[in-house]
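Inspection log for the structure reproduced underneath, given as structure tokens.
The values are calculated or read from the model by the stated rules, or taken from the named source; none is laboratory data. Remember, predicted model here, so these are calculated numbers, not experimental data. All Cβ positions, even for glycine, are placed from backbone atoms using ideal geometry, and neighbour counts span all protein chains on display.
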Amino acid sequence: MLYIFDLGNVIVDIDFNRVLGVWSDLGRVPLATLQSRFRMDEAFEKHERGEISDPEFAARICDQLDIALSYPQFTAGWQAVFVGTRPETLAIMNKLRDNGERVVILSNTNQLHFEFWPTQYPEVQQAADRVYMSQDMGMRKPEARIYQSVLEQEGFTADQAVFFDDNLANIEAARALGIESVLVEDDKTVPNWFASRL
């Protein structure tokens, strides 16, 4: 079987309020103001497809938030999104691989984050056979083609795959292709799903 895991809030806990909190402190703008202005818009999606550079994305977000941040300040906040790993999920990924199953990560992400989390959390990459990143693939979830690309590159059919993600739109898109998909609602979802299967 092919087991496909999302990264954020599946393997690693993330919290965008931490990002906004750092920017609030650095830019001297109230957190509530930034929370009201922040949205994941077209620039966000283009950045995750690798269609715009990190500095261009930073400039667009600063414009959206109406905040003056240097690029290093922007980056410091952007990296603050990561809270910590989910050890139980990592243990399951390692056990699956020990059992001869194929385990991959499929993440809507960006170069700035990829420069950070593999060094911060080396155990994450070590628990996967391969990491598929949206910005390298030029596509992002929930686009059907990203799931099809992973299946083709891995040599599995949809009915031979299980997908774990915390975003309902991503889950529904994978299910539409015939991939068994599990909506991850908290850090117990994955361990509970595998409790009677491993």
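Data for the structure
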{"quantity": "Members of segment 139-155 found to be outside any loop (DSSP other than H, G, I, E, B) and either at pLDDT below 95 or not hydroxyl-bearing (Ser, Thr, Tyr) (or both), listed by number", "calculated": "144, 145, 146, 148, 150, 151, 152, 153, 154"}
{"quantity": "Among (1) within 30 Å of residue 91 (Cβ to Cβ); (2) modelled with pLDDT of 95 or more - the single one residue 16 does not satisfy", "calculated": "(2)"}
{"quantity": "In segment 117-149, the residues that are more than 23 Å from residue 42 (Cα to Cα) and among the hydrophobic types (A, V, I, L, M, F, W, C)", "calculated": "117, 124, 127, 128, 131"}
{"quantity": "Selection count, segment 84-138, where residues are in a helix (DSSP H, G or I) and either without any contact (Cβ under 8 Å) to a residue 40 or more places away in the chain or not small (Gly, Ala, Ser) (or both)", "calculated": "28"}
{"quantity": "Extreme residue, surrounded by the most Cβ atoms within 10 Å (Cβ to Cβ), among residues of segment 155-166 that are of a type outside the set (A, V, I, L, M, F, W, C) and closer than 13 Å to residue 5 by Cβ", "calculated": "165"}
{"quantity": "Whichever residue in segment 67-78 is in a helix (DSSP H, G or I) and touching a residue at least 40 places away in the same chain (Cβ under 8 Å) and, among such residues, is nearest to residue 21 (Cα to Cα)", "calculated": "77"}
{"quantity": "Within segment 67-90, considering residues that are over 17 Å from the mean Cα position of the chain (by Cα) and not hydroxyl-bearing (Ser, Thr, Tyr), the one surrounded by the fewest Cβ atoms within 10 Å (Cβ to Cβ)", "calculated": "72"}
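One line per residue, one yes/no per condition, for (1) touching a helix residue (DSSP H, G or I) at 6+ places or on another chain (Cβ under 9 Å); (2) polar (S, T, N, Q); (3) not assigned by TED's automatic domain parsing to the domain that holds residue 7:
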residue: 24; (1), (2), (3): yes, yes, yes
residue: 28; (1), (2), (3): no, no, yes
residue: 34; (1), (2), (3): yes, no, yes
residue: 38; (1), (2), (3): yes, no, yes
residue: 44; (1), (2), (3): yes, no, yes
residue: 49; (1), (2), (3): yes, no, yes
residue: 88; (1), (2), (3): yes, no, no
